[in-house]
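*Asks:* Would you mind keeping the following structure in view while I ask a few things?
The values are calculated or read from the model by the stated rules, or taken from the named source; none is laboratory data. Since this is a predicted model, take the numbers as computed values, not measurements. Methodologically, a virtual Cβ is constructed for each residue, glycine included, from the backbone with ideal geometry; neighbour enumeration extends over all protein chains shown. Only protein heavy atoms, including side chains, enter the accessible area calculation; ligands, DNA and RNA are left aside. Shrake-Rupley method; radii C 1.70, N 1.55, O 1.52, S 1.80 Å.
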Amino acid sequence: MDGFWIILSGTLIAISCGLLGAYLVLRKMAMVGDAISHAVLPGIVLAYLFSGSRETIPMLIGAAVLGVLTTVLIELFYKQARLQIDASIGITFTWLFAIGIILISVFAGQVDLDQDCVLYGEIAYVPLDLWFTASGINLGPRTVWIAATLLLLILTFIYFGRRGLFITTFNEEYAKALGLNVAFWHYALMGSVSLTTVVSFESVGAILVVAFLIVPPATAYLITTSLKPMLWLTAFFGFLSSLGGYFLAVWINGSIAGAMATVAGIFFLCVWIFSLIKQKQASIPFRA
Amino acid sequence: MNDKTAIEAHNLTVSYNRRPVLWNVDFELPAGQVIGIIGPNGSGKTTLLKAIMDLVKKSSGYVKLFEQDLEEVRERISYVPQRESVDWDFPASVMDVVLMGRYRKNKLLKRLSKADRDLAAEALEKVNMLEYSNRQISQLSGGQQQRVFIARSLAQGADLYIMDEPFVGVDAATEEAIMLLMQEMKKEGKTVVVVHHDLQTAKLYFDWIVLLNTRLVASGPKDQIFNEALLQEAYGGKLNVLSKVGELIKEKDFPVREK
Ligand SMILES: Nc1ncnc2c1ncn2[C@@H]1O[C@H](COP(=O)(O)OP(=O)(O)O)[C@@H](O)[C@H]1O
Ligand SMILES: [Mg+2]
């Protein structure tokens with residue numbers, strides 16, 4: 001049963017991350033997720049200092065605020081200072097992360113904080129944190145409920161926002177010329193990425209979130225020719241990575257998150273080689 | 001629809017990092033004509049179109065479209081960005097892209113209707129690309145990509161079309177097809193404004209020409225614009241181009257294409 005809960009929560013989070021990540025990859029902003037994972041540190045520390053507790057909720061709020069601030073700063077440096085997008089991502093998150101480290105070192109006496117254990121969860125512990133009703137009925141792991149709610153939100157957003165996301169990702173200027181509110185779509189996407197990143201960290205840990213944001217969509221991108229199949233395949237690769245990763249971890253008796261991320265990478269490699277072979281085959285008739 | 005003026009720019013100045021790339025540009029373009037905006041590379045042609053579409057900040061001046069602000073007539077205006085401005089490896093089909101021409105702010109969350117799809121198909125038909133509807137855009141040639149961009153714009157059903165370099169990187173057949181399409185649109189009473197940088201063909205394609213080089217050099221019916229002094233002013237300093245200008249002026253009669 002533990003295995004089932006771990007695979008399920010892994011899959012739910014992989015799909016949320018992957019669907020949003022697909023748009024990040026297409027916008028050439030794949031590293032935004034990584035940036036957010038570092039940049040939330042000062043938010044967590046400040047939330048801890050203000051609330052004086054290690055409750056999850058204030059820390060999530062602190063992290064989410066910093067997540068949104070990260071995307072705003074990236075956009076500001078990109079648009080106003082006209083830095084390249086990767087440079088503005090790099091500047092933003094190293095700077096915010098550094099502030100987090102300074103805060104920890106300055107308030108070292110009061111902060112009994114280890115970011116690895118506070119917000120950055122571990123997927124192996126998912127089955128340990130169960131939810132019970134008042135009458136004591138076991139509802140299953142808390143993480144699964146959170147991840148399912150998150151996925152529902154993301155699916156709703158992507159379903160209703162598919163046209164807005166598509167046009168602003170493919171051709172922002174044209175969208176603007178049509179009178180669409182491109183800033184709204186940008187921040188709706190970035191806000192969703194922030195929320196998803198922060199919530200998922202707490203459940204499954206940082207590497208896994210960053211891996212799920214980028215690797216399954218990048219894999220799907222290699223072999224699809226339109227957006228809808230790319231999103232479906234992303235979800236499918238997310239599921240396979242969780243499933244395969246769990247069994248790999250059991251087999252080698254190693255880290256589950258690490259194994260899931262590794263399996264996602266192996267899928268990427270296989271698909272890449274497959275697409276190379278296909279390209280070769282397709283080009284043979286022309287050479288003859 | 002009996003607007004006389006399609007676009008009026010007044011004292012238009014646009015700067016990037018305080019360096020003006022458009023300086024005090026002032027013109028009125030008549031409706032119902034095919035209009036070419038001509039000038040050397042970096043002369044601010046793209047920036048002018050973006051200023052018209054409110055995509056860049058104006059340092060001063062204003063633009064009126066059909067004597068109104070853009071926001072009031074947006075439905076009647078269609079913009080075709082430079083082809084290289086998007087990633088053609090994007091996972092999207094030809095139809096996906098052309099359908100964007102039917103997206104509207106207040107019904108973006110609703111499904112597209114059958115009528116929207118018909119309009120998109122009709123637009124593809126006009127550029128001879130209907131059979132490519134399901135093709136991924138990365139598998140198209142440069143000329144075909146340009147046709148898709150134009151089809152997307154046609155699908156909007158606008159009155160004024162503003163196109164950035166539609167003739168760049170396209171094959172001869174596409175160039176011809178686009179030119180004929182512009183004439184067709186003119187017959188339907190549409191106004192077509194096209195950024196172009198080839199002087200040789202400019203006089204063939206356009207009724208009205210705007211010569212631009214950061215400042216406005218001239219704007220008027222093509223016969224008034226094609227004189228040496230004005231062309232040299234627009235292209236001045238660019239030696240290789242200058243010699244071409246000389247040849248162009250000498251050729252009294254431009255070869256007119258047989259239909
Ligand atoms: N986003 C930008 N930031 C800074 N400079 C720009 C930008 N876009 C264009 N420019 C500069 O403005 C000038 C005019 O550019 P543009 O309008 O693209 O000219 P054209 O389309 O006539 O070739 C060029 O010198 C170009 O380098
Ligand atoms: Mg240009």
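*Asks:* Out of the residues in region B:190-223 meeting the condition of being within 15 Å of ligand 2 (Cβ to nearest atom) and in a loop (DSSP other than H, G, I, E, B), tell me which one is surrounded by the fewest Cβ atoms within 10 Å (Cβ to Cβ).
*Replies:* B:D198
*Asks:* Report yes if some residue within region A:220-239 is under 24 Å from A:V68 (Cβ atoms), in contact (Cβ under 8 Å) with a residue 60 or more places away in the chain and out of contact with any Leu (no Cβ under 8 Å at 6 or more places or on another chain); otherwise report no.
*Replies:* Checked against the condition, which is being under 24 Å from A:V68 (Cβ atoms), in contact (Cβ under 8 Å) with a residue 60 or more places away in the chain and out of contact with any Leu (no Cβ under 8 Å at 6 or more places or on another chain), region A:220-239 yields no hits at all.
*Asks:* Name the residue, out of A:M29, A:M59, that is touching a residue at least 40 places away in the same chain (Cβ under 8 Å) and in a helix (DSSP H, G or I).
*Replies:* Numbers: A:M29 fails: in a helix (DSSP H, G or I).
Selected residue: A:M59, the only one of A:M29, A:M59 that is touching a residue at least 40 places away in the same chain (Cβ under 8 Å) and in a helix (DSSP H, G or I).
*Asks:* Name the residues in region B:33-43 that are at pLDDT below 95 and either crowded, with 21+ Cβ neighbours inside 10 Å or more than 10 Å from ligand 1 (Cβ to nearest atom) (or both), would you?
*Replies:* To start, the set of residues in region B:33-43 that are at pLDDT below 95 comprises B:38-43.
Listed by number, the residues that qualify are B:I38, B:G39, B:S43.
*Asks:* Mind listing whichever residues of region B:79-90 are surrounded by fewer than 22 Cβ atoms within 10 Å (Cβ to Cβ) and under 29 Å from A:I223 (Cβ atoms)?
*Replies:* To start, the set of residues in region B:79-90 that are surrounded by fewer than 22 Cβ atoms within 10 Å (Cβ to Cβ) comprises B:82-90.
Once the filter is applied, which keeps residues that are surrounded by fewer than 22 Cβ atoms within 10 Å (Cβ to Cβ) and under 29 Å from A:I223 (Cβ atoms), region B:79-90 yields B:R83, B:E84, B:S85, B:V86, B:D87, B:W88, B:D89, B:F90.
*Asks:* I'd like the full set of residues that are assigned to a helix (DSSP H, G or I), open to solvent by less than 10 Å² (accessible area, probe 1.4 Å) and free of Cβ contacts under 8 Å to residues at least 60 places away in the same chain, limited to region A:171-208.
*Replies:* A:Y174, A:A175, A:A177
*Asks:* Another question, if that's okay. Could you say whether any residue in region A:256-271 is within 14 Å of chain B (Cβ to nearest Cβ), farther than 21 Å from A:Y125 by Cβ and assigned to a helix (DSSP H, G or I)?
*Replies:* Kept after step one, since they are within 14 Å of chain B (Cβ to nearest Cβ), are these residues of region A:256-271: none.
No, because not a single residue in region A:256-271 is within 14 Å of chain B (Cβ to nearest Cβ), farther than 21 Å from A:Y125 by Cβ and assigned to a helix (DSSP H, G or I).
*Asks:* Identify, please: which residue in region B:47-71 is of a type in the set (D, E, K, R) and within 11 Å of chain A (Cβ to nearest Cβ) and is, among those, surrounded by the fewest Cβ atoms within 10 Å (Cβ to Cβ)?
*Replies:* From region B:47-71, those of a type in the set (D, E, K, R) are B:50, B:54, B:57-58, B:64, B:67, B:69, B:71; that's our starting set.
Adding the requirement that they be within 11 Å of chain A (Cβ to nearest Cβ) leaves B:50, B:54, B:71.
Details: B:K50: 23, B:D54: 16, B:E71: 9.
Looking at residues that are of a type in the set (D, E, K, R) and within 11 Å of chain A (Cβ to nearest Cβ), I get B:E71.
*Asks:* Give region B:130-162 a look and list any residue that's over 26 Å from A:S226 (Cα atoms) and open to solvent by less than 20 Å² (accessible area, probe 1.4 Å), or say none.
*Replies:* Here is the first cut: in region B:130-162, the residues over 26 Å from A:S226 (Cα atoms) are B:158-162.
Listed by number, the residues that qualify are B:A158, B:L160, B:Y161, B:I162.
*Asks:* Please go through region B:2-32 and give me each residue that is in contact with an Asp or Glu (Cβ under 9 Å, 6 or more places away or on another chain), assigned to a loop (DSSP other than H, G, I, E, B) and surrounded by fewer than 17 Cβ atoms within 10 Å (Cβ to Cβ), ordered by number.
*Replies:* If the condition is that a residue be in contact with an Asp or Glu (Cβ under 9 Å, 6 or more places away or on another chain), assigned to a loop (DSSP other than H, G, I, E, B) and surrounded by fewer than 17 Cβ atoms within 10 Å (Cβ to Cβ), then B:K4 is the only one that fits.
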